[in-house]
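Worksheet for the structure shown next.
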Amino acid sequence: LMKLLLLLGDQLCLKHPVLQHLNPATDHILMAELPDEASYVPHNKLKIALVFSAMRHFAAALMQQGFSVHYYQYTDTKDRWQSFDALLQYQLSCFAYQALYLVEPGEHRLQSQFNQWADSLPVPVRQFDSHHFIFSRQQMLDWFAGKQQPRMEHFYQWARRQTGLLMSGSNPEGGKFNFDKHNSRAWPANLTPQKAQRFDADDITTKVLALVEKEFAQNPGRLEHFHFAVTPCQAEQALDDFIQTRLANFGDYQDALADDEPGVFHSLLSAYINLGLLAPITVCRRAEAAYYQGQAPINAVEGFIRQVLGWREYVRGLYWYCGEDYANNNHFNATHPLPKWFWQGSVRMRCVQQAVSNSLHLAYAHHIQRLMVIGNFALLAGLDVKQVCQWYLAVYVDAFEWVELPNTLGMALYADGGLLASKPYAASGNYLNKMGNHCQHCPYSPKLLTGNKACPYNSLYWRFIDIHQQEFAANPRMALMVSQWHKKSHEQRSAIRHWADGLIRRMDSL
Ligand code: FAD
Ligand code: DLZ
């Protein structure tokens with residue numbers, strides 16, 4: 001039986017069991033850099049370059065193992081085949097394949113395409129489970145099924161028991177499952193985290209960088225910042241580097257905002273895990289070993305494992321559980337277009353300026369920048385949910401819809417009405433000031449509510465509470481804010497509302 005295996009750009013796992021089902025002597029693997037994939041959003045140049053370079057390295061590794069890889073570069077495809085569908089029809093016409101093998105893709109768009117092929121192609125189609133997750137899609141659907149409030153924390157405890165990660169028998173290591181009370185130290189003035197390891201471009205990457213600069217000149221991103229790992233071996237080095245130099249402090253400063261320190265103590269591993277270069281279980285086991293060897297404290301290791309074993313698996317489960325319609329949710333009817341600086345990066349609010357320009361230029365921002373700086377602004381300002389989601393899917397090197405959408409639509413924008421989060425992650429300038437040192441470098445003051453010097457988050461926050469006060473009064477976790485709003489005098493409230501409405505009108509020039 002002559003088989004064709006199609007592998008996507010985020011399925012770069014040399015240990016995937018599907019490879020054992022291939023006979024290198026007769027079967028083929030198809031990989032392609034395609035216009036449709038490279039442009040379903042205006043991806044950051046750094047993301048396209050990473051995907052293409054990692055794909056080319058992966059194809060070379062497969063060939064070294066004896067596999068026959070049909071690899072189509074962007075310059076070959078761009079004027080001939082837009083999509084997987086078109087290229088596949090061509091490839092099937094060239095050889096007498098008797099079966100098509102696929103690996104479960106990361107988004108509904110491609111899953112629908114795969115399902116269509118199963119119905120329409122003249123050869124039988126077999127889809128294999130993804131290997132990039134600790135739990136299968138089915139295990140996650142089973143976990144979600146029938147739960148009224150499928151919260152991450154419940155899933156996470158279940159996952160800890162299932163894997164035995166940081167478990168001592170049936171008890172969590174350190175006496176509790178979650179140390180998040182010890183994950184929120186403010187940023188001190190005197191810390192300089194070690195920067196993540198950088199990798200030099202080899203010949204393959206150098207060619208890809210030239211290609212991307214030429215073909216995607218209008219996209220966001222600055223290719224001079226390309227220092228990513230592009231092979232599994234380099235990704236392992238990046239993991240070791242994180243564990244040795246940053247993991248120990250990860251817990252304390254997980255929520256910190258540090259001026260001029262884009263990475264803080266974060267791992268910068270998300271893209272490698274999402275592309276398949278690093279297995280999430282390996283990442284968790286390495287961190288766990290660092291705890292048992294006394295290299296890092298429990299609040300760091302638990303906090304880190306919670307992200308990978310907890311959040312990452314959970315949002316992927318939610319994505320498939322909620323189906324394609326999830327993307328249409330817009331609980332607060334937020335429809336304001338994105339201000340220009342989302343794509344251009346120049347805005348005076350210091351925390352926003354750093355978060356947005358890192359996102360655009362480095363294709364990276366850490367979680368609190370994504371959630372409490374940019375996401376929080378979008379939530380308070382009522383920015384259009386689809387436009388915000390599209391922005392997040394475009395700018396980050398690690399952005400794939402299965403992970404981007406629940407995080408943006410559910411966590412940051414509360415647009416699913418509280419399926420993922422029990423309350424909106426809304427905060428005023430006071431929170432941003434408490435967590436970091438941006439405000440010291442900002443023309444706005446977190447202490448002022450109105451006026452040209454007032455931090456825009458403040459009046460926007462109260463405006464948000466005011467608009468949704470009926471709903472929030474009924475949410476035990478938000479009711480206090482509604483009553484605080486009503487403790488202000490009528491004059492104060494109308495001044496704040498007036499100021500905030502003005503900010504919304506001149507959002508482009510904040
Ligand atoms: P670390 O802080 O070092 O965390 C370790 C690992 O845990 C990450 O590498 C990642 O694999 C995982 N992780 C942490 N938080 C989450 C989370 N909330 N959901 C899923 N996995 C998580 N992550 C993406 O991988 N792709 C995205 O497109 C993406 N979009 C996001 C959009 C918004 C609005 C928000 C609030 C979060 C988003 N995240 C996304 C989650 C998270 O912010 C990033 O995974 C993280 O910032 C990546 O940097 P890091 O590798 O240094 O993470
Ligand atoms: C993100 C991406 C990009 C930019 N380009 C390609 C590509 O040319 N070929 C490919 O196979 N995959 C690419 N990808 C990743 C896919 O779009 C990814 O499989 C989906 O986003 C599903 O997660």
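Please treat every number below as a calculation from the coordinates, not as lab data. Since the model is a prediction, treat every value here as computed from it, not as a measurement. As a convention, Cβ positions derive from the backbone with ideal geometry for all residues, glycine included, and neighbour counts pool all protein chains shown.
Using the Cβ of N178 as centre and a radius below 11 Å, the other residues enclosed give a net charge of +1, where K and R count +1 and D and E count -1. Counting only alpha carbon atoms, the long axis of helix 490-505 and the longest principal axis of the chain meet at about 30°.
Oblate is the label for segment 219-303, because the ratio a/c of its alpha-carbon gyration tensor axes (a ≥ b ≥ c) is 1.5 or higher and a/b is not greater than b/c. Size of segment 225-356: Rg and Dmax of its alpha carbons, in Å, are 17.7, 51. Shape summary of segment 341-509, radius of gyration then Dmax from alpha carbon positions: 15.6, 47 Å. The alpha carbon centroids of segment 10-29 and segment 150-196 are separated by 35 Å.
Between K176 and D119, the simple label model (points 7 Å from Cα in the Cβ direction) yields a spacing of 5.1 nm.
Averaging the Cα positions of each part gives two centres, and for segment 282-324 and segment 467-493 these lie 36 Å apart. A Förster distance of 41 Å, applied to the separation of the beta-carbon atoms of K147 and Q440, puts the FRET efficiency at 0.40. A P(r) calculated from all alpha carbon pairs of segment 118-266, with 5 Å bins opening at zero, reads 2, 7, 10, 10, 13, 15, 15, 13, 9, 5, 2, 1, 0 percent. Radius of gyration (Cα atoms) of the chain, expressed as a multiple of 2.2 N^0.38 Å: 1.00. Between 0 and 90 degrees, the angle of helix 350-362 with respect to the longest Cα principal axis of the chain falls at about 10 degrees. Counting Cα-Cα pairs of segment 3-128 in 10 Å increments starting at 0 gives whole-percent bin shares of 12, 46, 37, 5.
Along its principal axes, segment 292-411 has C-alpha extents of 50, 36, 23 angstrom, given from the largest down. All other residues whose Cβ lies under 14 angstrom from that of S136 are scored, Lys and Arg at +1 and Asp and Glu at -1, for a net of -2.
The modelled label-to-label distance for the pair D203/S168, using points 7 Å beyond Cα in the direction of Cβ, is 5.4 nm. Along the charge dipole of the chain, pointing to its positive end and built from +1/-1 on Cβ of Lys, Arg, Asp and Glu, which listed residue (L405, A49, Y425) has its Cα farthest out? Checked the options; the winner is Y425.
Apply the a/c threshold of 1.5 to the C-alpha gyration tensor of segment 337-399 and tell me whether it is rounded, prolate or oblate.
Numbers: a/c = 1.32, a/b = 1.10, b/c = 1.20.
Rounded, because the longest to shortest axis ratio a/c is under 1.5.
With a cut-off of 19 Å on the backbone N, the residues of segment 29-43 near the modelled label site 7 Å out from R80 along Cα-Cβ are 29-38.
Taking 0.36 nm per residue of separation and subtracting the current Cα-Cα distance, fully stretching the chain between A289 and Q138 would add 51.5 nm. Extension gain, H498 to S39, is 161.2 nm, computed as 0.36 nm per intervening residue step minus the present C-alpha separation.
Using the Cα atoms as the points, what is the convex hull volume per residue of segment 150-207 in Å³? Can you show the working numbers first?
Numbers: hull volume 13.5 nm³, N = 58.
Roughly 232 Å³ of hull volume per residue.
Spacing of the modelled spin labels on Q65 and A217, each 7 Å from Cα toward Cβ, amounts to 4.0 nm. Any chance you could give the angle, 0 to 90 degrees and rounded to 10, that helix 232-245 forms with the longest Cα principal axis of the chain? That helix lies at roughly 30 degrees to the long axis. Which net charge results when you count Lys and Arg as +1 and Asp and Glu as -1 among the other residues whose beta-carbon is under 14 Å from that of Q369? Within the 14 Å Cβ shell, the charges total -3.
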